[in-house]
Structure formats: C-alpha cells, structure tokens
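The values are calculated or read from the model by the stated rules, or taken from the named source; none is laboratory data. Note that this is a predicted model, so its numbers are computed, not measured. As a convention, Cβ positions derive from the backbone with ideal geometry for all residues, glycine included, and neighbour counts pool all protein chains shown. The protein model used for the area step is the full one, side chains on, heavy atoms only, and it has no ligands, DNA or RNA in it. Shrake-Rupley method; radii C 1.70, N 1.55, O 1.52, S 1.80 Å.
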Amino acid sequence: MLNKFLAGFLVSLTTLLMAPAHADDVPVLTWEKGKEHNIVLGGNNGVKSWKIQLTSPKGTPLDFKQSKLDPKGYVVFSVQIPDSYPSGVYTVETTGINVPKKIVAGVKIVALTDFNLIQIPTKLILILLTLIFLISTLSIMRMQKYERIEYLRAKPVEKLPGIFNYFAKFRKSSVEELHKSLFKFQLIREGELLHKLSPITWATLPVVTIFLGAYIGVNGELILGVSVIPFALYLLTAIIGVIDPFSGFTASLGFAFAQSISGNVTSVRSVMSLVAVGIGWVAPGVLSSLYQDILNKDNYFHFAKKIVPDLVASAIGGLIFLVAQLLTNSFVDQVAPIAISTYMIPTILSFFILARINLYRYLVKDLHQKGENYQIRILVLPRVLSPRTITFAALYFAAVTYVWTESISFALISSLLLTTPLALLMVRFDTPVVKALKNAERFILIEMVVIATISLIAFYYVQSLPIEVTAKGRLFILTTSVILFTHGFFSSIFDSSARANQLVVPNEQRQLAA
C-alpha cells in the first residue's frame, strides 16, 4: 500500500514539474492586425508537407503560406492578419503526412499600433506598382508620339464684377509666378472646366480653399506630430482638387501654413506627411488628365477608344490618391491619421474623375463650331523633368525608405537607384541607334500591362522566398528599382533610335519642365 502511495506521489510530482517546462517550449507571440507575420520551421525533409493554421475555438482559422525551402531545410510560413480579424488568443497548429497535430506557438492578436508599410506587403506592392506606372509613363512621354500636349481654351473673361476681379488677378498672377513646366501647364488646363462653368467660382475657389486647408490643419488631433484629418473635409478637398487642381494646391498651402504656425511641423515625418497630403489633393486631377490625353493617342478598336482612356485615367487618379493616403498613414507610429476605410475615398474619387472627364468633353466638343473665340494651347516637352524635380524626388524617396526600414544606407542606395531612371529623362542622347527600333511604334497601354505583369511575377517570386517580411519589403523596393532602371534605359535607346531620321525640329512653343 505504501509503495502504491509513493508511486502515485512521484507520478504527480513529475507531472507538476513537467508542466511548466512544456509551457516554456511553446512561445507566446503578440501580432498586430493588418500586417504579415512569419514563423520559421523545419530542419528536416518533411517540412514541405506541413500545413500550418492560426486557430481558435471562436475564430475562423487562417492558413499560412509556405515559402520555398532554404538550403538548410527551413521554411518560412507567412500569414496576413486581416484588419477585421477578432482580437484574442490563438494557437499556431501544424499538421502533415504521418505527423500528429501539434501546437508550435501561442499568439495574441491585438489592434494595429504601428502602420509600417514594409510589414504590409499588399499595400507596399500597390505603392510600388503605382510608382512603376508613373515613372515608366514619364519615360514613354519623351517619345515624339506623346510629347505634344494640346487643348482648346475658350477666350477668358476679361473682367469680373467687384471683388471677384481681384480674386481672378490673384489666381492668374499666382500661376504665372510658377516656373514654366508641365505642372504649370496642367494647372492652367485643368482650370478650364471650372472657368467654363462659372468664371466667378473659378476666381473665388482658390481663395476659399486656402482657408479650408488652414481650417483642416488646425482642427485635427495629432499623432506624433501628424494631424488626424477629419474624413468629410479630407474627401471634400480631394474632390475639389479633382475639379480644379489649383484649388487643391492652394488648400495644401493653407494646410501646411496652419500646421506650421501651430507648431506641429517639428520632424521629418511631419514634413513628409504635409507633402503626402498635398500629393493627394493635387496629383489625381493633374495626372489623370495627362493619362487620358496620352492614352487617346494610341489606336484601339472603336468601342475601346471611347472608354479605355477614360477608365484607365480615372483608375490611375484613384490609385495615386490611395498611395498618398497610405504614405500619410505610414509617417506615424500609431494607427493612422486618416481613420477610414482604405479604399473608400480613392473609389469615390475615381468616379468623380470619370465624371469630370466626360463633363469637360461635353462642354468643349462644339467649341470650334459655335463661333466662340477660343485658343489652342500647345506644349511640346523638350525634356520631361528638371534637376530640381529629381533632387526633390531623391530626397523624398530616401526619407520614405528610411522611415520604413530605419536603415540610412539602404535608404540612400534605394533613392539613388529609383532616381536614376528619372535622371535619364533630363536629357536626350543622339546614340546609340538601334535599326530595329527606328520605325517601331510604342503603345502606352500595352507597355503598362507588360510592365505590370513583369512586376507582379517578380513580386510573386520575392514573396515565395524563405525570408521574413522586412527583408521581403526591402527586396520589393530593389526589384522596383531594377525594373524602372531597365525600362528607363530601354526608353532612352528607343528615343535616340526613333529620332535618328529626324531632319526638322518643329519650332513650336517649348517649355522646360520643372
């Protein structure tokens, strides 16, 4: 009897002593929603047949994606936690062929507190794809087929009544003070719709939006020096920027001024946030119009000619705004200064851009037949970008990359690689000349699709590598740099080859880009 009692006591004691040791073998991790998280497992040949899930008695299981096998036999298992996934405690369970189910980790899912895009591959890839679209398009614009931009302009009203005349003079003089550039040309061009609808509104709106931007700047909570922007006012200003980009520009100036005098601009992050907000309020209107114009120069079958340029331009405009919104959110270490659904405003904005394109087309379609006085405004680009623009882009690329990676060396290298294709746009070369490219024709939409396809294949390959999410993010950025450099180099050779037989240089009005 005594022996049985002692045996039972020893078994119980052994169980109690072993329980803490078993608990210590299972790590407990804290993961934030919205990010990709990784677990490295392996060291044996059977790891490729494993299946891993994030499970909970109450929640829906999430399957991990498996990377390629590294030389040492390890695999990186990755899972992206949805923003809407319930908070709580979960377990990471593994199963496999002839392998019993096993808990390898405990996970506590918490709300997002650090919006770092290097750890959110889907959003990072969206930003990099947009950058690839924009820079590759600028490279294509240097071709003779696309370099000429023109539009019909109704004769401006010479004088407005009362104080509105002073507002009109303010607008005209402000635009005239800008350096001659594609940006200035587009600001004037995109103001034509509002001028056609109401010259008084055209004159007054930039003044009003200065105060609107200032009001937004002083009426938002701060997160690490970056203003939390009210949703309704942010959307309203974005729509105004689509209708009249110059008014979006003045709203950005008002916002920046109010933030500065309030003492909120105290770090590099806050300055970068101001720039990102300005991009969101100005760039969609300016660049969507530019895309719509150059896409119309390609040949499509009849039905596509009517809808493809408009749809692509409006989508690009919404995508640019989405990128500006993501950049603004990434410059704080908290949730986000724009506390809204990520895709809501860009989608709304795309519809407004599409409506704006069609309204402007309707208003000017018979301008030359109605007997009204009008002008034909023409811009032929001798170069697409200037040194000051490229310098600003290099600094901004470096700052953004540093915020994401916290590595000065990587930020400088990435900035140098990303700005090299832009530097190629400053000049035109007489050589080399490739005979096969002399009479070849480029189609911007087809080229965009090809570049996007190549980029997505490259990104998919990087995503499959056995490395953790931060290393993947860096490799995404370097991959983008290689793609843009290759395309920029090809565009430079194509341009020099296509111009080899050019005998006469047109003497049209040429303005240097800034």
Practice item. Restricting attention to segment 259-270, report how many residues are touching a residue at least 24 places away in the same chain (Cβ under 8 Å) and part of a helix (DSSP H, G or I). Key: 4
Point to revise | Residue list for segment 301-332, filter: over 19 Å from the mean Cα position of the chain (by Cα) and in contact (Cβ under 8 Å) with a residue 60 or more places away in the chain | key: Val308
Review point. Yes or no: Gly59 on the phi > 0 side of the Ramachandran plot, over 28 Å from the mean Cα position of the chain (by Cα) and in contact (Cβ under 8 Å) with a residue 24 or more places away in the chain?
Key: no
Review point. Is it fair to say Lys72 is modelled with pLDDT of 80 or more and open to solvent by 50 Å² or more (accessible area, probe 1.4 Å)?
Key: yes
Study note, to complete from the structure: When every residue in segment 410-436 that is open to solvent by less than 30 Å² (accessible area, probe 1.4 Å) and aliphatic (A, V, I, L, M) is compared, the one farthest from the chain's Cα centre (by Cα) is Leu425
Check your understanding: Are there any pairs, at least 6 apart or on different chains, whose C-beta atoms fall under 9 Å, with the first in segment 138-149 and surrounded by fewer than 18 Cβ atoms within 10 Å (Cβ to Cβ) and the second part of a loop (DSSP other than H, G, I, E, B) and at pLDDT 80 or above, and if so, which?
Key -> Lys145/Lys297; Lys145/Asp298; Lys145/Glu441; Lys145/Arg442; Arg148/Lys297
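Yes/no per residue for (1) open to solvent by 30 Å² or more (accessible area, probe 1.4 Å); (2) on the phi < 0 side of the Ramachandran plot; (3) free of Cβ contacts under 8 Å to residues at least 12 places away in the same chain:
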{"site": "Ser67", "(1), (2), (3)": "no, yes, no"}
{"site": "Gly88", "(1), (2), (3)": "no, no, no"}
{"site": "Thr95", "(1), (2), (3)": "yes, yes, no"}
{"site": "Lys102", "(1), (2), (3)": "yes, yes, yes"}
{"site": "Val110", "(1), (2), (3)": "yes, yes, no"}
{"site": "Ile120", "(1), (2), (3)": "no, yes, no"}
Practice item. Go through segment 62-74 and give me each residue that's within 31 Å of the chain's Cα centre (by Cα) and farther than 15 Å from Trp31 by Cα. Key: Asp63, Lys65, Gln66, Ser67, Lys68
Review point. So, in segment 148-207, of the ones that are among the β-branched types (Val, Ile, Thr), out of contact with any strand residue (DSSP E or B) (no Cβ under 9 Å at 6 or more places or on another chain) and in a helix (DSSP H, G or I), which residue ends up modelled with the lowest pLDDT?
Key: Val175
Practice item. Determine which member of the set Tyr300, Tyr291 is open to solvent by 10 Å² or more (accessible area, probe 1.4 Å), among the aromatic types (Phe, Trp, Tyr) and out of contact with any Phe, Trp or Tyr (no Cβ under 8 Å at 6 or more places or on another chain). Key: Tyr300
Exercise for review: Hey, can you tell me all the residues within segment 447-501 that are outside any helix (DSSP H, G or I) and either open to solvent by less than 80 Å² (accessible area, probe 1.4 Å) or free of Cβ contacts under 8 Å to residues at least 40 places away in the same chain (or both)?
Suggested key: Ser464, Leu465, Pro466, Ile467, Arg499, Ala500
Revision key, fill the gap. Inside segment 244-269, the number of residues satisfying the requirement of being surrounded by 16 or more Cβ atoms within 10 Å (Cβ to Cβ) and β-branched (Val, Ile, Thr) is 2
Check your understanding: Within segment 401-409, can one find any residue that is farther than 15 Å from Ile477 by Cα, modelled with pLDDT of 90 or more and crowded, with 19+ Cβ neighbours inside 10 Å?
Key -> no
